[in-house]
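**Q** This structure is in structure tokens; I'll ask about it shortly.
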């Protein structure tokens, strides 16, 4: 089915071909009859061999031969000579079949099946493999079979590693050899075999080995992925650590004592309609075991029940990078203006473990103060907001005043200082430095630019407490790659966006310059919310969420986003603008299902409903991926199945304002559906809901 | 650039379905069940499923079922999980899953799961992540996913994940686009895509696009239209399909058509076959080519067929 020319090279003799087909049919028919009737005579078995030589893909013939072998083995009663002769015959048939098609699954499996009966010298098998690998070093059947034989022979990983070295020495352009090397090396390092205990030494050796593969032919991909793996092994933090949190260490937070419906807040006043105050823990990798035993929360008022920590991840395996819980704030019978000291102790008792099995070993403590405010006199009146409009003239640049020292303090303390980083391994920094210098010689080609960009980014990841360096250079490299390799433009654009966001969130000055007061004529500036505006940045992917846990109002309009994966960490988010982006479906908004405080959402001017293919269909919890239970569609309207994506995203939300105009999905019936789905809605597309 | 010669391809598929006397159909007789799935799904994607006699086909399918509950590639051949899925998929196309004894088929499939969570293709024990996908996809369509140990099945698939983010056929097996499709789709259906490093695998997959605009199946290999499915559906499921040039791929697929006689081949000017015709059209569907119905990247069936099964529309 592959590689045959459309116009045959020689004129076709129709009659001869028809005769050939007729003959094959007759043979197959006879064979099937033998198989049905369980005839295993010498002639019958030979017929199957003849067929398999013509067509090794005839799987029923391999099954038939196994049945014949079983019967013959039973008859010869373990006479070693007979057994050998029977099994040898099978091996011969396999070899003939492989000559026809050395990618035949059936043939290779039959050989394994025969071998498992305890026959053939293994050295002979290795010899056969060498022959096959000489013909085609990329044949994965041969590599799989080699793994099978090596296991039977109990060959050491070290010996097999040497074999990959031999293959690589013969030809650097052998991805299969590099892959097998990565498997064996991972194993040797995992079991700390002698000679493989020093990560520094092992990686330095491997970097040297793969370097030649990358430099010899700049377009040959064989070494690219191996090199990327080495880089990951160099910078990957083995230990699970707490990277950031909400609240931030040392914060001073005011909470309204009464229900403040949409009453708004300055930086350090929070408006929760259900008086549930979130606590968010952001780790450097996915962990499990975060619960009220491993994280203790103590505050001046009693908590009614053990806190329930939830992993912010759309899976049920109980692990995530970000965990959250909610403190139920008691009623205002407590004194107002009293400050409560809250202490969150993470990992002082055992139990938090990374998904790779490493225990959390760096206990941290986060302390902050809570002030419960008595409701102001105006609370009896309607202190609701008007409709939020995301226009430039509704925002005033944030001027830090004496009333709010906390924003600056907060932005100073976004990243948790973990002691382990201060002893930043010098071997890692040294390797990154060496590799960067070496690859600067390759900057005129794609893989050179990409590798240097990655190395510089890796360097920053080794020093999370310091301001990232080389951002400008990295951004330039990605911009050059967009021009050099336009087929993969979006890959480089997404990476460019991530670095851009790292740069933007890297300093408090940069963040402050993007903080704005939302001006509403009904409220004084004291009560107006603070908005982080990351609009018009041309970003196509989001990141740096660990720096943004404090954000309540976020403007991401006029960008090129098609996903908001990771936004679920921003548990305080109550107003979000995603207008003028590239969102294609409601399934791309999965993260919103975790934002219980979201009140105002603008997804207008996107591409929802314009695409026949949904690229986030399976990254979304729905019956298609068996990630929701049986569903109650019967919410007194028919259209919920037509709009099932919107149904799942919005159904549990308490939105007061929603904008969806400018998407192909909008229609009268869709708007009717939305109004029924969201009883709390006050404005839909700028129009007041009845 | 050319256009999709949809009518020619429909004629080609209908002709192949009828031709039983040439050498090619003799050699491929044992996988006629797969051929039925490839041909009929293509017809449905081009809006022409009604051009065939569904009753005749269903009758033949049922003749291929064994007492074990599994389906063979053709009448008289042995049952295997490969053909069992194709049988289920074809019946789903015709909305005739009700002709099945669901319990019997699902028991056959579930019985092929091994202790370590992997699946064998049949009683002879070949293990491959392809079979994990087949079992999960087939049982999911039959709404019997709970008949297997899903956790173990997922764990086995994870054990086949490589450092490049891809997946192989067995633990330690090299990443290959076909295996990657099977593993990613199986994880998608079981709600386990969080085990995939989307950025890492996305880069590996997007680098399958070579200068000609076609996609290969692994590094330093030739492009082939069938990878327009294996690679593209994987990229679609992890939301990284925007990392390749869709225009260049469309061009490549269209260039692989035989616009005279119908059918699509693996590479321009090679011989056409049903296999590549299906994958070319399915690839165009994922690229939102006009006139082609949307295909579901995990179940490899038209979206309206999948939605009918899960949302009962």
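**Q** Condition first: touching a helix residue (DSSP H, G or I) at 6+ places or on another chain (Cβ under 7 Å) and within 13 Å of another protein chain (Cβ to nearest Cβ). Now tell me which residues in segment A:592-620 satisfy that.
**A** Of everything in segment A:592-620, those that are touching a helix residue (DSSP H, G or I) at 6+ places or on another chain (Cβ under 7 Å) and within 13 Å of another protein chain (Cβ to nearest Cβ) turn out to be A:613, A:614, A:615, A:616, A:617, A:618, A:619, A:620.
**Q** Filtering segment A:452-502 down to residues that are more than 22 Å from the chain's Cα centre (by Cα) and touching a residue at least 40 places away in the same chain (Cβ under 8 Å), which residue is farthest from residue A:436 (Cα to Cα)?
**A** In this case the residue turns out to be A:465.
**Q** Hey, could you check segment B:170-188 for residues that are surrounded by fewer than 24 Cβ atoms within 10 Å (Cβ to Cβ) and either more than 7 Å from every other protein chain (Cβ to nearest Cβ) or over 12 Å from residue B:218 (Cβ atoms) (or both) and say which is nearest to the chain's Cα centre (by Cα)?
**A** B:178
**Q** Looking only at segment A:30-58, which residues are part of a helix (DSSP H, G or I), within 12 Å of chain B (Cβ to nearest Cβ) and surrounded by 12 or more Cβ atoms within 10 Å (Cβ to Cβ)?
**A** Once the filter is applied, which keeps residues that are part of a helix (DSSP H, G or I), within 12 Å of chain B (Cβ to nearest Cβ) and surrounded by 12 or more Cβ atoms within 10 Å (Cβ to Cβ), segment A:30-58 yields A:30, A:31, A:32, A:33, A:34, A:35, A:51, A:52, A:54.
**Q** Can you say whether residue B:82 is within 14 Å of chain A (Cβ to nearest Cβ) and part of a helix (DSSP H, G or I), as far as the supplied structure shows?
**A** So residue B:82 passes the test.
**Q** Quick one: which residue in A:549, A:475, A:481 is assigned to a helix (DSSP H, G or I) and surrounded by 21 or more Cβ atoms within 10 Å (Cβ to Cβ)?
**A** A:481
**Q** Against the definition (under 28 Å from residue B:255 (Cα atoms), free of Cβ contacts under 8 Å to residues at least 60 places away in the same chain, touching a helix residue (DSSP H, G or I) at 6+ places or on another chain (Cβ under 6 Å) and within 14 Å of chain A (Cβ to nearest Cβ)), how does residue B:74 come out, yes or no?
**A** Against the criterion (under 28 Å from residue B:255 (Cα atoms), free of Cβ contacts under 8 Å to residues at least 60 places away in the same chain, touching a helix residue (DSSP H, G or I) at 6+ places or on another chain (Cβ under 6 Å) and within 14 Å of chain A (Cβ to nearest Cβ)), residue B:74 does not qualify.
**Q** A further question follows. Only one of A:435, A:480 is touching a helix residue (DSSP H, G or I) at 6+ places or on another chain (Cβ under 9 Å) and either closer than 30 Å to residue B:251 by Cα or within 14 Å of chain B (Cβ to nearest Cβ) (or both). Can you tell me which?
**A** Selected residue: A:480, the only one of A:435, A:480 that is touching a helix residue (DSSP H, G or I) at 6+ places or on another chain (Cβ under 9 Å) and either closer than 30 Å to residue B:251 by Cα or within 14 Å of chain B (Cβ to nearest Cβ) (or both).
**Q** Would you tally the residues in segment B:271-308 being in a helix (DSSP H, G or I), more than 17 Å from the chain's Cα centre (by Cα) and more than 9 Å from chain A (Cβ to nearest Cβ)?
**A** Going through segment B:271-308 one residue at a time, the tally reaches 1.
**Q** Can you spot a residue in segment B:141-151 that is under 29 Å from residue A:178 (Cβ atoms), in a helix (DSSP H, G or I) and in contact with a helix residue (DSSP H, G or I) (Cβ under 6 Å, 6 or more places away or on another chain)?
**A** Checked against the condition, which is being under 29 Å from residue A:178 (Cβ atoms), in a helix (DSSP H, G or I) and in contact with a helix residue (DSSP H, G or I) (Cβ under 6 Å, 6 or more places away or on another chain), segment B:141-151 yields no hits at all.
**Q** Another one. Can you report the number of residues in segment B:152-169 which are within 28 Å of residue A:181 (Cβ to Cβ) and more than 10 Å from chain A (Cβ to nearest Cβ)?
**A** 8
**Q** If you scan segment B:28-66, which residues turn out to be surrounded by fewer than 18 Cβ atoms within 10 Å (Cβ to Cβ) and within 14 Å of chain A (Cβ to nearest Cβ)?
**A** Within segment B:28-66, B:47, B:63, B:66 qualify.
**Q** Is at least one residue of segment B:37-50 more than 18 Å from the chain's Cα centre (by Cα), free of Cβ contacts under 8 Å to residues at least 24 places away in the same chain and not in a loop (DSSP other than H, G, I, E, B)?
**A** yes
**Q** Something else about it: Looking at segment A:223-242, can you tell me whether even one residue there is in contact (Cβ under 8 Å) with a residue 40 or more places away in the chain and more than 27 Å from the chain's Cα centre (by Cα)?
**A** No, there is no match, as no residue in segment A:223-242 is in contact (Cβ under 8 Å) with a residue 40 or more places away in the chain and more than 27 Å from the chain's Cα centre (by Cα).
**Q** Working only within segment A:438-472, note down all residues that are more than 28 Å from residue A:209 (Cα to Cα) and not in a helix (DSSP H, G or I).
**A** Answer for segment A:438-472, where residues must be more than 28 Å from residue A:209 (Cα to Cα) and not in a helix (DSSP H, G or I): A:464, A:465, A:466, A:467, A:468, A:469.
**Q** I've got another one for you. Just the residues that are touching a helix residue (DSSP H, G or I) at 6+ places or on another chain (Cβ under 7 Å) and either more than 8 Å from every other protein chain (Cβ to nearest Cβ) or surrounded by fewer than 21 Cβ atoms within 10 Å (Cβ to Cβ) (or both), please, taken from segment B:191-200.
**A** Selection gives B:195, B:196.
**Q** In the list A:498, A:561, which residue meets the criterion of being out of contact with any helix residue (DSSP H, G or I) (no Cβ under 6 Å at 6 or more places or on another chain), closer than 20 Å to residue A:457 by Cβ and either outside any helix (DSSP H, G or I) or within 14 Å of another protein chain (Cβ to nearest Cβ) (or both)?
**A** From the options A:498, A:561, the qualifying one is A:498.
**Q** Need the failing condition index for residue B:104 against (1) without any contact (Cβ under 8 Å) to a residue 12 or more places away in the chain; (2) away from chain A (no Cβ under 11 Å), just the number.
**A** The one condition residue B:104 does not meet is (1).
**Q** Right, next: In this structure, does residue A:464 turn out to be closer than 23 Å to residue A:233 by Cα, touching a strand residue (DSSP E or B) at 6+ places or on another chain (Cβ under 8 Å) and away from every other protein chain (no Cβ under 14 Å)?
**A** So residue A:464 passes the test.
A short reminder: the numbers here are calculations on the coordinates, not readings from a lab. This is a predicted model, so every value here is computed, not measured. No Cβ is skipped: glycine too gets one built from the backbone with ideal geometry, and neighbour counts run over all protein chains shown.
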